There are 2 protein chains.
Amino acid sequence: MLRKVALAEKLAGIHEHWSPKIAGELNGQHVKLVKVQGDFVWHHHETADELFLVLRGELTMHYREEGGPEQVLLIAPGEFVIVPRNMEHRPSAEHEVEILLFEPAGTLNTGNVTGPLTADPAALI
Amino acid sequence: MLRKVALAEKLAGIHEHWSPKIAGELNGQHVKLVKVQGDFVWHHHETADELFLVLRGELTMHYREEGGPEQVLLIAPGEFVIVPRNMEHRPSAEHEVEILLFEPAGTLNTGNVTGPLTADPAALI
């Protein structure tokens, strides 16, 4: 039987920041939901492009292009950005933001940098 | 430079029903936007799972599981469904619906059935 997923319902079950939860899987990719607030770490993904679709709040995406200076992009609800593989990036948010992520299954949230913010890439909601 | 995509802005440029337009590409997958109204054709995709995220309106997804009877799922804004490869399905909508699709690049909207509703799988917006 086909089952639908209600984003709001799934998001209501997320109580931790920076810890993406898998809401769907297709073609080897994961649809994840995450709540974020504060500053994340600089990182990149070697083999994964990553889509951030903002559902609520405003996300700030800091990024650097091949050794260039830091740049900043603000992403509002109903907007998405695709961060290509190998681009250094660091999301941040002054107030809580709800995001839908689309990325290859198994992608680590902290990419090449493991540390206290690294989350289980297989966590379901 | 990273560029963000505003869903509403892209959707405002779509004036045809059942004709998905590519709004983003990552990891061999396309993010597409489409407006639909009325009845689509029964079809399946042999090698593609397909995600339908409803942005506005209510989508009716008719589907059949391996020779079983027709079943129906209503999908409201903020809800998504993943139709797995090889499942026969037929979307329909009484009133206009705006949808975000995630699917492998190159996926034909009518899957195994080409006809007057078949759209260019490479159309950008």
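Conditions (1) assigned to a strand (DSSP E or B); (2) within 13 Å of the chain's Cα centre (by Cα); (3) surrounded by 16 or more Cβ atoms within 10 Å (Cβ to Cβ), marked per residue:
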{"residue": "B:Val36", "(1), (2), (3)": "yes, yes, yes"}
{"residue": "B:Leu55", "(1), (2), (3)": "yes, yes, yes"}
{"residue": "B:Asn86", "(1), (2), (3)": "no, no, no"}
{"residue": "B:Arg90", "(1), (2), (3)": "yes, yes, yes"}
{"residue": "B:His95", "(1), (2), (3)": "yes, no, no"}
{"residue": "B:Gly115", "(1), (2), (3)": "no, no, no"}
Can you name the residue in region B:97-110 that is in a strand (DSSP E or B) and within 12 Å of chain A (Cβ to nearest Cβ) and is also farthest from the chain's Cα centre (by Cα) among such residues? B:Pro104
Those residues of region B:10-34 which are part of a strand (DSSP E or B) and in contact (Cβ under 8 Å) with a residue 40 or more places away in the chain amount to B:His17, B:Lys21, B:Ile22, B:Ala23, B:Glu25, B:Gln29, B:His30, B:Val31, B:Lys32, B:Leu33, B:Val34
Kindly list the number of the only condition in (1) out of contact with any Ser or Thr (no Cβ under 7 Å at 6 or more places or on another chain); (2) closer than 27 Å to A:Gly28 by Cβ; (3) touching a residue at least 40 places away in the same chain (Cβ under 8 Å) that fails for A:Met61. (3)
Within region A:62-79, residues within 9 Å of another protein chain (Cβ to nearest Cβ) and surrounded by fewer than 22 Cβ atoms within 10 Å (Cβ to Cβ) come out as A:Tyr63, A:Glu65, A:Gln71, A:Leu73, A:Leu74, A:Ala76, A:Gly78, A:Glu79
So A:Ala12, is it hydrophobic (A, V, I, L, M, F, W, C) and either out of contact with any strand residue (DSSP E or B) (no Cβ under 8 Å at 6 or more places or on another chain) or open to solvent by 40 Å² or more (accessible area, probe 1.4 Å) (or both): yes
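The values are calculated or read from the model by the stated rules, or taken from the named source; none is laboratory data. Here the structure is a predicted model, which is why all the values come from computation and not from measurement. Backbone-built Cβ (ideal geometry, glycine too); neighbour counts: all protein chains shown. Side chains are part of the model used for accessible areas, which takes the heavy atoms of the whole protein and leaves out ligands, DNA and RNA. Shrake-Rupley method; radii C 1.70, N 1.55, O 1.52, S 1.80 Å.
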